[in-house]
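Every read-out reported here was derived from the displayed coordinates using simple, explicitly stated rules and does not represent laboratory data. Since the structure is predicted, the reported quantities are computational estimates derived from the model, not experimental observations. FYI the Cβ positions are ideal-geometry reconstructions off the backbone, even for glycines, and counts take in every protein chain you see.
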Amino acid sequence: MFSLLSRHTSAFGVASASGTAARAALAAVRSASAAAAAHMPPSATGEASVDNTAPFATCAPAGMQGNMRFVLCNPREVNSNSRSSYVRSMVGCAPGSVMASSPCFTAASRGLATAANAQAIAASATPARRSSSTPTAGAPPELVHTERSDANAGATSFGSMEVEYMSSWKENLEGESRIAVAPTPTSDWWWTGKAPVAGTPGVGPDGLVTSLPLVDYTTASRQELLDYFDNTWLLTEVLFSSLASEEAFYRPPWHDLRHPLIFYYGHPAALYVNKFRVAGLARDPISPFYEKIFETGVDEMSWDDMHKNVMRWPSVANTLDYRKRVYELVAETIVSSPHFDSLAEAGPASPFWAVVMGFEHERIHLETSSVLIRELPLSLVRRPLTWPVDHPSATQAQPTANPVAGVDFPTNEFVSIKPDGPVVLGRPDSHSGFSWDNEFGSKSIDVADFDVAKHLVTNGEFLDFVRSNGYLEQKYWSPDGWAWRTFRNAKWPTFWRPFGPAGLHEYRLRAVFDEIDMPWAWPADLNYYEVEAYANYIAAATGKPTRAITEPEHAVLRTGLPDASDFVLNPVAGATASSEPDAVAASPNLNLVWGSHTPVDAAPPSAHGVRDVMGNVWQWCYDHFAPLPGFQPHDVYPDFSMPCFDGKHNVIMGGSFAATGNEASRHARFHFRPHFYQHAGARLVQPAHPTAEPVTSCAGCEGPFVGATSPYRVPPPTTVTGAAAAAASAGSAPPAAASAAPPRVAVGSTAGIVDKYEDQIVLDQYLNMHYGTQDDFPAYIDAGTLQFPQRCAALVEGHTLASNPRARALDIGCAVGASAFELARTFNSVTALDISHAFVEAAKYMQEHKALEYKVRREGGVFDSYVARVDNSVDVSRVDFAVGDATALDPATLGTFDGVLIGNVLCRLPDPYLLIDVLPELVNPDGTLVITSPFSWLPQFTPESKWLSAANGSSAKALTDALDSSFELVSSGDIPFVIREHIRKYEFVAAHLGIWRRK
Ligand SMILES: [Fe+2]
């Protein structure tokens, strides 16, 4: 088939990955079990370790198996039943695991550590239940595996690790009481690494903890790495000390899209172990079961992809104990692993890279967990005693309503940015901090002039949108965004807390640990859909196209930052606002120098005069998350980025107050689905020279990507713009260009035609007509009506005499190029002309890129996206596209041709005879001429006196008569085609077809 076209809708009907992940995880679990029984790690079995934990993604259980569970017990109280149960579980664990050092293991193994004995005992085991005993304060709880003896117990093979599902998450609650009291720096039972006391890395003289700067792995000593690890680990435990009760660990988030926090308490620890094993830093698991249930996750696929499994999680105490053992493993690895010696030189190729990877993975979850905590009921949360101090604005009394711009929040304005050269995305070679795989590679991008908002969008600014019923005005929202909004019935940003009568629009703000008076000068926390809608609201108010910033534009702003090194990006990292207030005041709000947001004008401006280029909240970008040229997935974590190269994740840039380590790097590029909440907001841009699509980091990306076809944006010709383009793309909401019609290069006198054909909708319909395949149309659309241009070109080729040369072909009215490409299969050169500059630009783009994304209306404001493709077997270099007027062709310039195609042009010309009469000069002797036309004569295109039908009532006869002196009619008939208006309406056309041979 000549052209390939793939369809991908922008709807949310994507298949959940959970099923696939579940199967993969199940395979891995079985592998782990089998390997454990054979005393070898899963990798030795040839099955890859599965980790679908995407960055910032929800980690959901998938394929968790077995009816084993973990209970807290006092070794002195272990009875014969629990010992026997433990032995059965132990058989499924690899030697050297945590259980091997357990007192319970010793007691049980003396007489019972054989499979036969264990099996026999299991048959008579009495139902076990979770111990409600609370260990003595300060005494480390013991990890004891006790098998749930339910109906499956007798049939369960040893080592099964099936998860127990329950009717309610509340069944996880065991009455754990210690966590009801906020851990203090001396609460030894809570801190599994170092406590937040003087001397612990990152603990300031005021006793508050903050983040050390990103470590330089090329120079770091083992001690420096150990300090960075201690700081990382401590930050996690300080954050989780905010959970005020057992319920806070197990209550699912209100949106049901992610795990309860118990998962995120155990997940960073489990990932260390799993990655260490993949990298060869550790041979054995600590707990195969924990390392499975705390590892495997799926990215939530959409706002309604709720994960409703209610499972039995390990107790807080046992998870705490597990963390303690993992801490010991990581610390010991840092101190003694011989692979440390290769880190400085080999970097990502060193097995030790898994260590620094574990650090930065944990820091990612530090931030995402802070968002989940922000989503918990306030009654379940308390401020950690050693959390970095909030910005003073957090506690300042704010007006409850009617904030005034310039008083309660700074007036925003746009700053003109004129890039003085291309920007280069990607981590530079000089960078010596950890980077994720997606930061490697390099891409140089020319960025057009743009006006950028000086400030992030504040709560005060956003209030106008809320008060104006922006959430209820569909016109501001993309189709997907509107579907999300209506599904969630969102009427204000998620962390706003309305109080007072509805309609007064009085709000407070839910911060991470508190509810506070609305800080109007803080950046608004929004998801991408809300950013889109707000940008469209501003576009309507200002009359200028407005959208979210792109990743390349953000890179331009970063060139105004003081230094290219991440290590001095935050000069006060490691200090706190109270210990070094002046330095912190001069710093971006990154790396937890503050424990909260700050006003958008608190940090000093960049050289461009823009605030918060880095820090405060992440900035949603217009770009889809895509790899940079040269991207290579890392062997230890190959699915860190890859699953998100799907055209469904938007880039976020800049970091937030809670972004630490690599996240606070200027080269960090993360991503979320558009419905997702993070500490993220909006930076608006108004392009100085509007185009239909901004230049993005994903445009023209060659992958890798998820699926068979590229999901990324294909930048259209820069001339495909105009009001119709804006209307056409209104369904997908990024505000398209609303003005600045492209330069017209049209020759001749058909301005009216140009106007029509410059319409983006028409352009997209033609792309669909030229490149759409049967798969893109309902079955009742006959295949014989599709790919009309290719069929016409095939007629030229098929009727060219075998004895004739196939040197030159002419395609008059080539539109978006499919017929010209088809002619290029047999003709050595093809001259392809069209009056529409937009069509020709689209055809040229197809020639260069072999693909072009377009949208065709499905119904109403919903559009389906497609990618038109040129078959790789076509030598597209044979085609020369040009804008030309069919009524002003100059044979002296064009030369002569062996085959000429005129497709559906005649009845759109002001005088068709101006073309007909020149044809004898254009076609070589014995050359082939194919003309199709529906003869849809319309006075707006052709005066009635020039209609071919005017002569004798038959346009076909008039045409043949006009050509008769120079051409022999070979064949005539009808040739059908369809043009899709929307999914239920097609224009069916039966064009007249005539085939002539030059006499
Ligand atoms: Fe993760």
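Under 16 Å from the Cα of LYS999, which lysines turn up, not counting those fewer than eight places away in the same chain?
Once the sequence-local lysines are set aside, nothing remains near LYS999.
Taking the Cα of TRP254, stepping 7 Å toward and past its beta carbon, and measuring to each backbone N in the range 452-490: which are under 19 Å?
459, 463, 466-467, 471-472, 484-490
What is the gain in length, in nm to one decimal, between ASP775 and THR218 on full extension, counting 0.36 nm per residue of separation less the C-alpha to C-alpha distance?
Going from the current span to full extension adds 195.2 nm.
When only DSSP loop residues count, what trypsin sites (Lys or Arg not before Pro) in the range 904-996 have their Cβ near at most 16 other Cβ atoms within 10 Å?
Answer by residue number: ARG984.
Give the Cα extents of the range 917-988 along the principal axes, in whole Å, largest first.
Sorted largest first, the three principal extents are 46, 28, 20 Å.
Report the calculated FRET efficiency for LEU969 and THR893 (r = Cβ-Cβ distance, R0 = 22 Å), to the nearest 0.05.
Efficiency at R0 = 22 Å is approximately 0.20.
Can you give me the long-range amide H partners of HIS649? Hydrogens built in the peptide plane at 1.01 Å from N, cutoff under 5 Å, separation of 5 or more residues or another chain.
PHE625
Can you spot the lysines whose alpha carbon is less than 26 Å from LYS544's alpha carbon? Ignore those fewer than 8 places along the same chain.
Of all the lysines, those that pass the test against LYS544 - Cα under 26 Å, at least 8 places apart if same chain - are LYS418, LYS454, LYS475, LYS491, LYS756, LYS855.
Amide H to amide H, which residues 5 or more places from ALA832 or on other chains are under 5 Å from it, using H placed in the peptide plane?
ASP811, ASP880, PHE881, ALA882
Once R0 is set to 30 Å, what does the formula 1/(1 + (r/R0)^6) return for the Cβ-Cβ distance between ALA807 and LYS957, expressed as a FRET efficiency to the nearest 0.05?
0.40
Taking the Cα-to-Cβ direction at GLU473 and at GLU345 and moving 7 Å from each Cα, how far apart do the two end points lie in nm?
According to this spin-label approximation, the distance is 6.4 nm.
Roughly how many Å is it from the Cα centre of the range 198-222 to that of the range 822-852, as a whole number?
Their Cα centres are 59 Å away from one another.
With a 10 Å radius around each residue's Cβ, average the other Cβ atoms per peptide and rank 311-317, 792-798, highest first.
311-317, 792-798
Give me the distance in nm between label points sitting 7 Å out from Cα along the Cα-to-Cβ direction at ASP782 and TYR913, one decimal.
3.6 nm
So who's got an amide H within less than 5 Å of the one on ASP451, skipping anything under 5 residues away but keeping other chains? H placed 1.01 Å off N, in plane.
Long-range HN contacts for ASP451: ILE417, GLN686, ALA688.
Loop only by DSSP, 14 or fewer other Cβ within 10 Å of the Cβ. Give me the chymotrypsin sites (Phe, Trp or Tyr not before Pro) in the range 206-299 that pass, ordered by residue number.
Here the sparse-neighbourhood loop sites are TRP254.
Loop only per DSSP, at most 12 neighbouring Cβ atoms within 10 Å: give me the trypsin sites (Lys or Arg not before Pro) in the range 442-494, ordered by residue number.
none
Can you figure out the FRET efficiency of VAL415 with ASP446, using R₀ = 35 Å and their beta-carbon distance, to the nearest 0.05?
Here the calculated transfer efficiency is 0.95.
Using 0.36 nm per residue, how much length does the chain from ASN828 to LEU378 gain when fully extended, once their Cα-Cα distance is taken away?
Taking ASN828 through LEU378 to full extension adds about 154.7 nm, to one decimal.
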